[in-house]
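Below: the structure, in structure tokens.
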Amino acid sequence: MVDAAAKKLTIDGLVVNGSQSQVNLKILDSKGKVRYEGQTTSTETGSFQFTIKLTGNLKGTCDAYLSMDGMSDPVKISFEYNKKD
């Protein structure tokens, strides 16, 4: 979910193959520049959440890549963001 007014992006999900899994996230802007890279650990129920403050002159279609150990390819999520002044 993108909250342009708060300049914040929230990505949450559920790991189906178990709890306490390492989840990695990389966000690229429309020019392919890495804007965020981080990781978190899923809860005992398998849920995880990333909340990222969107900074700089970010606009256009961005791509978020989620991955975990054992995945051959990351999951790609695209989102639109237009910075509000």
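The values are calculated or read from the model by the stated rules, or taken from the named source; none is laboratory data. Values in this document were obtained by computation on a predicted structure and should not be read as measured data. Cβ sites come from the backbone with ideal geometry, for glycine too, and all protein chains shown count toward neighbours. When the accessible area is computed, the model is the full protein with side chains, heavy atoms only, and any ligands, DNA or RNA have been set aside. Shrake-Rupley method; radii C 1.70, N 1.55, O 1.52, S 1.80 Å.
Quick notes on this structure:
- Each other residue within a Cβ distance under 11 Å of T61 adds +1 if Lys or Arg and -1 if Asp or Glu, for a net charge of -1.
- Averaged over its residues, the range 5-64 has an accessible area of 59 Å² per residue, based on protein heavy atoms and a 1.4 Å probe.
- Counting only protein chain heavy atoms and rolling a 1.4 Å probe, the accessible areas of S21, S47 rank, largest first, as S47, S21.
- Heavy-atom accessible surface of the chain: percent carbon and sulfur, 1.4 Å: 47
- The alpha carbon radius of gyration of the chain, expressed as a multiple of 2.2 N^0.38 Å, is 1.12.
- Modelled this way, with points 7 Å down the Cα-to-C-beta line, the labels at T61 and V16 are 2.6 nm from one another.
- The modelled label-to-label distance between E37 and A5, using points 7 Å beyond Cα along the C-beta direction, is 3.4 nm.
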